[in-house]
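Notes follow the structure.
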C-alpha cells in the first residue's frame, strides 16, 4: 500500500506550492481548500494525482456553501497526492480538518492484514530511489490515540494516531501537527524537504465501507 502512495511522487507534474528562493516567504501556504476547481474528467481536485486508475471513491461536495473532498469506498485503496516542495524548518506546522462518517470494520493499522484507516494524511519527505520517510496521521478504528506505530508495509512510514473510534463521527475536527518535531522524534534526524502531501481513506484489507471528508489543508511558519 505504501508503494502506491510513494508512486504518486514520480507522477506529480502539476501545481507546486514551493516559494521562489529569492522571494519573501509567506507565513501561510494553502495546500488546498477544494474550492478552486475540479477536473471533472477524472473526479480529482486540480493539482492532485492518483496512485491508481480507480478514482470512483473521490468527489468534491458542497455543504453550507463550503466545498470539500469526500472519499467513500468499499474495498478501495487509491491515494491522491499533491506536490509541494517545502523546507520543514521554514514551514513546520501542518493543519487540516476532517470528518469521518464510517470507519473500516475491524481495521488496525499495525497489522498488515487489517491495515486500513478511516482517514489518513501523509507527509512524504524527499528520498532517493523511493527511500522516502513518511509521517502518516490517521483517524484509526482501533489504535489508541497518541501512539505511533511502524507501518506493517514499510518501517520508514510512521503512523501517528490522532483520532479513533472513541471520537464522535460525522463532525468536523481541526488538527494541527508539528511535522518538524514529529520527524525528529520518530527518525532521530532532521527532515529533508517535503515532497508531497497525500490523502487516503482505504478499506482494501477489511473490505468494509469507509467514508471521510477532508478540507482546508495548510502549512505555516511557527508563530
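The values are calculated or read from the model by the stated rules, or taken from the named source; none is laboratory data. Everything quoted here is computed from the prediction, not taken from an experiment. Note: ideal-geometry Cβ built from the backbone for every residue, glycine included; neighbour counts use all protein chains shown.
A compact table of results
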| item | result |
| --- | --- |
| Number of the condition not met by residue 153 [criteria: (1) in contact with a helix residue (DSSP H, G or I) (Cβ under 8 Å, 6 or more places away or on another chain); (2) surrounded by fewer than 19 Cβ atoms within 10 Å (Cβ to Cβ); (3) within 17 Å of residue 193 (Cβ to Cβ)] | (3) |
| Close pairs (8 angstrom Cβ cut-off, 6 or more residues apart or separate chains): in a strand (DSSP E or B) in segment 108-124, surrounded by fewer than 18 Cβ atoms within 10 Å (Cβ to Cβ) anywhere | 121/175 |
| Number of positions in segment 76-103 that are in contact with a strand residue (DSSP E or B) (Cβ under 9 Å, 6 or more places away or on another chain) and under 26 Å from residue 114 (Cα atoms) | 13 |
| Index of the failed condition, residue 72 passing every other in (1) at pLDDT 60 or above; (2) not in a strand (DSSP E or B) | (2) |
| Some residue of segment 51-67 being within 16 Å of the chain's Cα centre (by Cα), closer than 23 Å to residue 179 by Cα and touching a residue at least 12 places away in the same chain (Cβ under 8 Å) | no |
| Filter result for residue 183 (more than 19 Å from residue 72 (Cβ to Cβ), at pLDDT below 95 and assigned to a helix (DSSP H, G or I)) | no |
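This table checks each residue for (1) at pLDDT below 95; (2) surrounded by fewer than 23 Cβ atoms within 10 Å (Cβ to Cβ); (3) in contact with a helix residue (DSSP H, G or I) (Cβ under 9 Å, 6 or more places away or on another chain).
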| position | (1), (2), (3) |
| --- | --- |
| 80 | no, no, yes |
| 92 | no, yes, yes |
| 105 | no, yes, no |
| 108 | no, yes, yes |
